[in-house]
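Notes follow the structure.
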Amino acid sequence: MTNNQKVLKFVEDSAALALPDEIVWITGEESQLDALRAEAVKTGELIKLNDELLPGCYLHRTKVNDVARVEDRTFICCKNKEDAGPINYWMDPRQAYELSREIARGRMKGKRMYVIPYSMGVVGSPFSKIGIEVTDSIYVVLNMAIMTRVGTMCLDALGEDGDFIKGFHASCDIDAEKRYIMHFPEDNTIISVNSAYGGNVLLGKKCFALRIASNLGRKEGWMAEHMLILGVTLPSGEKKYVAAAFPSACGKTNLAMLIPPKSFLEKGYSIECVGDDIAWIRVGEDGRLWAANPENGFFGVAPGTNVKSNPNALAATQKGTIFTNVALNTDNMTVWWEGLDKNPPEHCIDWTGKPWDYKKYDKRDKSTCAAHPNSRFTAPAKNCPCVSPEFDSKTGVPLSAIIFGGRRATTTPLVYQSRDWNHGVFVGSIMSSETTAAATGAVGVLRHDPMAMKPFAGYHMGDYWQHWIDMGKKVSNPPKIFNVNWFRTDAEGNFIWPGFGDNMRVLKWIIDRCDGKVDAEETAIGYVPHAEDIDMEGLDIDRATLESILYVDKARWAKEAEEIQGYYTNSIRSRIPQELWDALATLKKNCEE
Ligand code: OXD
Ligand code: MN
C-alpha cells in the first residue's frame, strides 16, 4: 500500500497494542466498501433501508449511553497545562498515552483493524492535510468514506516521507466511564476509546479538522473554524462568499443550504453551499481571506429537517446516506424523525430499537420522541442540489463576510456589524448561546461559546483570540464581520423572526453592507440596519416588530458588558489580547452615554 515508514510504523504500533486478528487497508474502492456494508448488515451494525425509496441508505443505532459529543471527556494533552487554557479539559500527555494504552490493549482481538487513509480538503490543494485513522468499526469506515476523501490516493499524496495526523479509535465496551477523546497537538495524534458516536470517532471531523487543525493553523498562519461557507449569487450574476460560525445544532446546515424567498428568487438571488460545518481559511495573494471546506459530506442533525426547513439537506439524504439514531418506519423500511412531517409512522421502531407508539408522542416531552434529538444523517455533499461548483476548488473561495451567531432569546439584535476587524474579533469572543443536544449535558442553558469554538479550539482561548487579531494584520482586504441572532422570542417564548429561507433578507443586508450599498445606524454595539433597509417583501411582519428585534437596549448591554468582564476575568483569565479589553471598555462607555 505504501512505503512511507511513518505510516507503516503507526499501523504496526497500533496493531501491536490492540492485537487485531487482521489488518485491512481501506482503498476507497466501491467494491471494498460494498463488502463492508454487506457485512455490517449481516451483523446488525447497519440496517438496510428500502432500496427503491432510499437507495444505498442504511440505519445505525448507537448505544443509548453514546449519543453525542462528550465535552467533559475530551482532552487536550499538551505538555504545559496552561497552553490548553482554562476552558479545555487537560491531561498530561504521558498519563494520557498510558491510560489510553491500558484501555485499548488487546481490545481488537477477534476483530479487524481498518486503516483509513483520508484527506481533509481536496487532495493536492494547498488546503489539504492527510490523516490516517485506524479503527475497529465498520460504521466509522463507512462514515469516513462519506465525510472525507478516503483511499489510496491519500497515501500516494503522502509519498515516502510525508507527515500525517495519526488517529487511533477502539470501540472497546462503549463504557462511558472509560470514554476518552484525547488530542496530542504536539504529536499530531488523536486517540478515541469507548465511543462510537460520530463527533467522537470520525476523527477527521472535530478532532482533526478543528482541534488539531486550530493548532496547525496557529503555527502555520491560517485558521480552522467551526463555520459554514455559502455562496450568494446576486441579480447581477456576481457571486459573494460568506462564512458563518454558529454553535452546534443552531442551524448551520440550514443556513448553508437556504432557499431564498420567492421575491428574492424572482430578482435573481440564489444560494449555493460550499460547506456546512468547518472552514479552513488562508490568506490569499490578493490580500483577502480564502476559505475551503475540508469535509466531503454532511453530518447533519435530522430532527427538524423537512421539505420546508431544508429541502436541500433532505434531498441530500435520499441516497448513499447513513442515518444514526433516527426512527425506522417498518411498513416501508424508511426513516422518520420529529419534524420530518406531521405523519408519524404507525409501525415504528424508535432510536433505541424498541417499538414506538405514535399515540403516546408528545412533542414537548423529548423522552417520547422516536428519533434521538441529536440523531444524524451522514450524506455525501455531492447529493446536495445546491452544492457549489466551487466545492472541489483547490483555491477555496474569497470571503466577503464572516458572520457569528448564537441562540439568544433576548439582548442580541437580529443583525449588527462590527466597526472593524478587531471589534469583530471581540464580537466573536463574546458569543453566547443556549446549549443543544449535540453535546451531552443540559439543553437550553446559556453559555459562552466564543466563535462557536468553545468545544473545538485545541489550545488556550486567549491565544486563539490573539491568533484572530494577528490574522487581521495579514489581510489588506479582510472580510467584514457581523453578528446575527435568529432566535429572539416574544413574551410567550415564540420565535419572532421566521428564520430559514427568510434569513436571506439579512444576508442581503450583509452583502449590501460589504458592497457599501446601504447605510446603517451606529449604535453602542456596532452598526445596525435601518428597518427600511431589510427587504421584507412578501413577509408578514410589521415594522414595529422588526424594529423591536433590531433595537439595541443599552441597559441590557451594560449588564451584558459586566457579564463579559466576568467571563474574561474569571473564565479565560489570561492571554486576552489588549485589543479585546479595549473593545470591552468601549462597549461599557457606549452603554453609559
Ligand atoms: C457537529 C457538532 O456534529 O458541532 O457538527 O456537534
Ligand atoms: Mn459542528
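The values are calculated or read from the model by the stated rules, or taken from the named source; none is laboratory data. Bear in mind that the values here come from a model prediction, so they are computed numbers and not experimental data. No Cβ is skipped: glycine too gets one built from the backbone with ideal geometry, and neighbour counts run over all protein chains shown. The accessibility values were calculated without ligands, DNA or RNA, using every heavy atom of the protein model including side chains. Shrake-Rupley method; radii C 1.70, N 1.55, O 1.52, S 1.80 Å.
Listing for the model above:
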{"item": "Residues (in contact with a strand residue (DSSP E or B) (Cβ under 6 Å, 6 or more places away or on another chain), away from ligand 2 (no atom under 12 Å from the Cβ) and either closer than 24 Å to residue 438 by Cβ or part of a loop (DSSP other than H, G, I, E, B) (or both)) located in segment 256-274", "result": "257, 258, 271, 273, 274"}
{"item": "Test: residue in segment 558-578 that is open to solvent by 20 Å² or more (accessible area, probe 1.4 Å), modelled with pLDDT of 95 or more, under 21 Å from residue 262 (Cβ atoms) and not hydroxyl-bearing (Ser, Thr, Tyr)", "result": "no"}
{"item": "Members of segment 426-468 found to be assigned to a helix (DSSP H, G or I), over 20 Å from residue 587 (Cα atoms) and within 16 Å of ligand 1 (Cβ to nearest atom), listed by number", "result": "452"}
{"item": "Test for residue 243: is it at pLDDT 95 or above, closer than 30 Å to residue 509 by Cβ and in contact with an Asp or Glu (Cβ under 6 Å, 6 or more places away or on another chain)", "result": "no"}
{"item": "Residue pairs meeting the criteria (Cβ under 6 Å; at least 6 apart or on separate chains; first over 13 Å from residue 224 (Cα atoms), in segment 454-474; second of a type in the set (A, V, I, L, M) and open to solvent by 10 Å² or more (accessible area, probe 1.4 Å))", "result": "461/87; 462/576; 474/283"}
{"item": "Qualifying positions in segment 389-448 - among the polar types (S, T, N, Q), out of contact with any Cys (no Cβ under 8 Å at 6 or more places or on another chain) and within 16 Å of ligand 2 (Cβ to nearest atom)", "result": "435, 440"}
{"item": "One residue from 159, 167 being at positive phi, in contact (Cβ under 8 Å) with a residue 40 or more places away in the chain and not charged (D, E, K, R)", "result": "159"}
{"item": "Answer residue from segment 275-291, given it is open to solvent by less than 10 Å² (accessible area, probe 1.4 Å) and in contact with a strand residue (DSSP E or B) (Cβ under 6 Å, 6 or more places away or on another chain) and is nearest to ligand 1 (Cβ to nearest atom) among those", "result": "276"}
{"item": "Single condition residue 421 does not satisfy, out of (1) more than 16 Å from ligand 1 (Cβ to nearest atom); (2) more than 26 Å from residue 498 (Cβ to Cβ); (3) open to solvent by 60 Å² or more (accessible area, probe 1.4 Å)", "result": "(3)"}
{"item": "Qualifying residue in segment 322-339 (condition: among the β-branched types (Val, Ile, Thr), under 21 Å from residue 64 (Cβ atoms) and open to solvent by 50 Å² or more (accessible area, probe 1.4 Å))", "result": "yes"}
{"item": "Odd one out for residue 454, checked against (1) open to solvent by less than 10 Å² (accessible area, probe 1.4 Å); (2) modelled with pLDDT of 95 or more; (3) within 16 Å of ligand 2 (Cβ to nearest atom)", "result": "(1)"}
{"item": "Out of 487, 495, sole residue that is modelled with pLDDT of 95 or more, buried (at least 19 other Cβ atoms within 10 Å of the Cβ) and not polar (S, T, N, Q)", "result": "487"}
{"item": "Residue in segment 459-476 that is within 16 Å of ligand 2 (Cβ to nearest atom) and under 26 Å from residue 274 (Cα atoms) present", "result": "no"}
{"item": "Complete set of residues in segment 478-494 that are closer than 15 Å to residue 547 by Cα and free of Cβ contacts under 8 Å to residues at least 12 places away in the same chain", "result": "490"}
{"item": "Any helices (runs of 4 or more DSSP H) falling wholly within segment 1-88 and containing at least 2 residues that are open to solvent by less than 50 Å² (accessible area, probe 1.4 Å) and at pLDDT 95 or above", "result": "5-18, 30-43"}
{"item": "Residue 304, sole failed condition from (1) of a type in the set (Gly, Ala, Ser); (2) within 16 Å of ligand 1 (Cβ to nearest atom); (3) over 30 Å from residue 145 (Cβ atoms)", "result": "(3)"}
{"item": "In segment 98-114, the residues that are under 30 Å from residue 452 (Cβ atoms) and either in a loop (DSSP other than H, G, I, E, B) or open to solvent by 10 Å² or more (accessible area, probe 1.4 Å) (or both)", "result": "99"}
{"item": "Of residues in segment 276-287 being of a type outside the set (A, V, I, L, M) and free of Cβ contacts under 8 Å to residues at least 60 places away in the same chain, the one farthest from residue 508 (Cα to Cα)", "result": "285"}
{"item": "Which numbered condition residue 189 misses (of (1) within 16 Å of ligand 1 (Cβ to nearest atom); (2) within 19 Å of residue 89 (Cα to Cα))", "result": "(1)"}
{"item": "Any hit, segment 428-435, residues being over 21 Å from residue 563 (Cβ atoms), more than 17 Å from the chain's Cα centre (by Cα) and open to solvent by less than 10 Å² (accessible area, probe 1.4 Å)", "result": "no"}
{"item": "Single residue of segment 249-270 satisfying the filter (open to solvent by 20 Å² or more (accessible area, probe 1.4 Å) and within 16 Å of ligand 1 (Cβ to nearest atom)) that is modelled with the lowest pLDDT", "result": "249"}
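Rundown of residues vs (1) assigned by TED's automatic domain parsing to the domain that holds residue 250; (2) assigned to a helix (DSSP H, G or I); (3) of a type in the set (Phe, Trp, Tyr); (4) at pLDDT 95 or above, yes/no style:
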{"position": "364", "(1), (2), (3), (4)": "no, no, no, no"}
{"position": "367", "(1), (2), (3), (4)": "no, yes, no, no"}
{"position": "374", "(1), (2), (3), (4)": "no, no, no, yes"}
{"position": "378", "(1), (2), (3), (4)": "no, no, no, yes"}
{"position": "395", "(1), (2), (3), (4)": "yes, no, no, yes"}
{"position": "398", "(1), (2), (3), (4)": "yes, no, no, yes"}
{"position": "402", "(1), (2), (3), (4)": "yes, no, no, yes"}
{"position": "412", "(1), (2), (3), (4)": "yes, no, no, yes"}
{"position": "423", "(1), (2), (3), (4)": "yes, yes, no, yes"}
